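First the structure, in the form of structure tokens, and then the observations on it.
The values are calculated or read from the model by the stated rules, or taken from the named source; none is laboratory data. Just so it is clear, the structure is predicted and the values come from calculations on it, not from any experiment. All Cβ positions, even for glycine, are placed from backbone atoms using ideal geometry, and neighbour counts span all protein chains on display.
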């Protein structure tokens, strides 16, 4: 789900567009293929869900929106985001607040 990169960390996400509210809802999958499950209020039209995910991740990790980059999965529910300037320790600390 979380991997260190030269720029920061990459985060595997499973998007659930069209939800009542945007929130982290748990983990999708197990082991090395696990993804952070995020319900997103925006519909999956014209990149709106991706934009909403970028804004949500920037707010959640307290970084600028331009520090969040969609690495892969533009048209898929399974996505990988690169969070520039975030260390694995910082990312784990943030995720620990939302996951059991």
- For residue 79, the lone unmet condition from (1) free of Cβ contacts under 8 Å to residues at least 12 places away in the same chain; (2) within 19 Å of residue 25 (Cα to Cα); (3) within 12 Å of the chain's Cα centre (by Cα) is (1)
- List the number of the failed condition for residue 70; all other conditions in (1) farther than 17 Å from residue 98 by Cβ; (2) touching a residue at least 24 places away in the same chain (Cβ under 8 Å); (3) under 11 Å from the mean Cα position of the chain (by Cα) hold. (2)
- Query: If you take the residues of the stretch 44-70 that are surrounded by fewer than 14 Cβ atoms within 10 Å (Cβ to Cβ) and at pLDDT 95 or above, which of them is nearest to residue 19 (Cα to Cα)?
  - Reply: 59
- Query: Just a yes or no: is a residue in the stretch 25-40 over 18 Å from residue 99 (Cα atoms) and surrounded by fewer than 19 Cβ atoms within 10 Å (Cβ to Cβ)?
  - Reply: no
- Message: Residues that are touching a helix residue (DSSP H, G or I) at 6+ places or on another chain (Cβ under 9 Å), surrounded by fewer than 19 Cβ atoms within 10 Å (Cβ to Cβ) and within 19 Å of residue 97 (Cα to Cα): does the stretch 7-24 have at least one?
- Response: yes
